[in-house]
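Throughout, read-outs are computed from the coordinates displayed, never taken from laboratory work. Remember, predicted model here, so these are calculated numbers, not experimental data.
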Amino acid sequence: MHRENSELIKIREVSFCAINPDPKQAHTATLLLSGMEGVIHAHPLTDNLLQVRYDIGEITLQVIEEVLGELGFHLSNNLMNKLKRALYYYTEETQRANLGLDGQTAPKAVKVFVQRYEKLRHGCRDDRPEHWRNYL
């Protein structure tokens, strides 16, 4: 592995809340993340702790955690996890910006979750035709 590529590979831990109908969230999340583009390896350390190895050139921890949240996983929100999360988000965003990578690029696997969201019933839709939306 080249030195440039090894700097883009990150190993992080994702903590899940213990109070959840799924007592083994880390194992379930491993199955979902294993096929995602940019995720090299996902391994459950405990029932509520997941270790993820990924390439920040393709995906960030923030995107991974947002996808897990959209799918109904409950991330741990104690103070230490919030601080770590904020630090990781900031450093990865800065590193991607220094490399000239667009922060808005989402991997193809995330588009699957966007399509799922579009099919859910919620109040964020306007069923009117496009040309009627300018009129009140």
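Please list the non-local residues whose amide H lies under 5 Å from the amide H of Leu75, H modeled 1.01 Å from N, same-chain partners needing a gap of 5 or more.
Cys17
Which whole-Hz ³J(HN,Hα) couplings does region 42-50 yield from phi under the Karplus relation 6.51 cos²θ - 1.76 cosθ + 1.60, θ = phi - 60°, glycine and proline marked x?
10, 9, x, 7, 9, 5, 10, 9, 10
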